Structures are given as C-alpha cells and as structure tokens.
C-alpha cells in the first residue's frame, strides 16, 4: 500500500512540473517608467516584448521538467552513495538497504529541488526581451 502512495507522489510531482512550465519572467527595476504606468501596464509591455521576440524564432529555452530530471538524477546518485556509506556498519545488507533508502530519498529531494529551481532563459532570448523593454523605458534587473 505504501508503495502505491510513493508512486502516486512521484507521478503527481512529475505531472505538476510538466504543467507548470510558464517560463521565466523578467524582473523590472523600480524606475520612473514603472511608477508612471504601473505594474499592469508593465506586464502588458513584457508580454508584448515576449511575443515580438518569439515571432523572430527565439524561444526561452528552459523547461522545469529538465531541471526536475537533472535534480532527480543528481539526488539519486548522491543519496545512494551517502546511504551506502551510512549502511557500511550493517555489512552487505546494510549497504544495500542504505543505498536504496538514500537513493529513494535523494530522488524525491532532487526532483522537488529541480522543479522549483529558478529559471533563466537562454541568453539570446533574454537579451532580446531586455532590449525591447529598455526601448520602452523599463530596466530589467533579472529573471524569475
């Protein structure tokens, strides 16, 4: 029964990570333009710039699912190694149990950590959107 719960958790997390791919957003620095027109107008300008850049063929190039997969693999590997070394005291069965437990825990932690890792778009896309916003009077201080 516990095994099914475990599988449901992993599948739910994967589905959430795949559906939550809205892409990174530029963070605007507070300046005269932002104060004058407000956040709602700034958001419209961001969307306008994104569409304009994407029409040229450039894409953000980042995916939460790829971050999650990378985190899961790293967590599985490191968790398995730590678990195996912790299980040395119990002999060969302790090593196997420690590696399995550490690998499983590492997989979940890595998967979740990778899913919520901050996203940054590829440089050409980010530069084009930043330049478009700069032409409109906004200043980009980063991406989230």
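No value in this document is a laboratory result; all are computed from the given coordinates. Because the structure is predicted, anything quoted here is derived from the model rather than measured. All Cβ positions, glycine included, derive from the backbone under ideal geometry; neighbour counts span all protein chains shown.
Relative to the current alpha-carbon distance between residue 48 and residue 31, full extension at 0.36 nm per residue lengthens the span by 4.2 nm.
In this simple spin-label approximation, residue 123 and residue 39 carry label points 7 Å from Cα along the Cα→Cβ vector, and these lie 3.2 nm apart.
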